[in-house]
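Remarks on the structure that follows.
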Amino acid sequence: MPIASLSRFTVPLNTDQSASNQGLLMPKLAYRFRVSLFDFGVGGDPATELTKQVMNVERPKPKFDEIKLDVYNSVVKLAGKHSFDDIKLVVRDDMTNIVTNKVGQQMQKQFDFFEQASAASGLDYKFTMVIEILDGGNGAYQPIVLESFEVQGCWIKAVTYSQGDYSKGTEAMTIEMTICYDNAVQTDEAGGLIGLGQPVGRTVGTSAIGS
């Protein structure tokens, strides 16, 4: 009779919180993901051409400004306005120039480098990026989206075209984009809000005293 020892391959927990012994949860794997760009560049080649050439992408990084309230002998710290750090998206530069053309089109929407003319408003050039974490399914087995970040109000802050290098005989040329954005919300497979954006109710204290 087999002995079920694998249930002990994790950290023991207090019995009042969960079972004292339980199996290790399956992690999300870093290489199972998909990136889709919407309203990126102009017509012609679909934005999915970039999806096929993505090498790596960062997930959203929310942060809060710190508010310091100096009091008698101490300092009280509160959460101020929130913001998001930029996202780095790296794609391979293909031989058909489709990828570099799409990136250039998006840059041109933001600013015409030949005519030296800028866009009239952010609405004219901002795009949406969706970062999906997948379960590994493919082909006849459709992948399940474990988690999805919808990154809204995106625009390209900087582009780095990788250098030519005779010593790197097996590496592909890449285009690295630094993407600035306004907001990001998180959803599950069914499109329900989880994590960032999940409705948990606004916390409103009954007293104006305290931190």
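Taken together, the values in this text are just the output of simple stated rules run on the coordinates, not laboratory data. Owing to the predicted nature of the structure, the values given are computational and were not obtained by experimental measurement. Cβ coordinates were reconstructed from backbone atoms using ideal geometry, including for glycine residues, and neighbour counts include every protein chain displayed.
Quick notes
- A Stokes-Einstein calculation at 37 °C with viscosity 0.692 mPa s, built on the Kirkwood radius of the chain over Cα pairs, returns a diffusion coefficient of 155 µm²/s.
- Computed from Cα positions, the angle between helix 98-110 and the longest principal axis of the chain comes to roughly 90 degrees.
- Exposed-loop-free span, longest in the chain, where GluC sites (Glu not before Pro) count as exposed if DSSP calls them loop and at most 11 other C-beta atoms lie within 10 Å: 1-114
- Unsatisfied cross-links (Cα-Cα over 25 Å) in the set Lys63/Lys157; Lys81/Lys109; Lys52/Lys81; Lys28/Lys77: Lys81/Lys109; Lys52/Lys81; Lys28/Lys77
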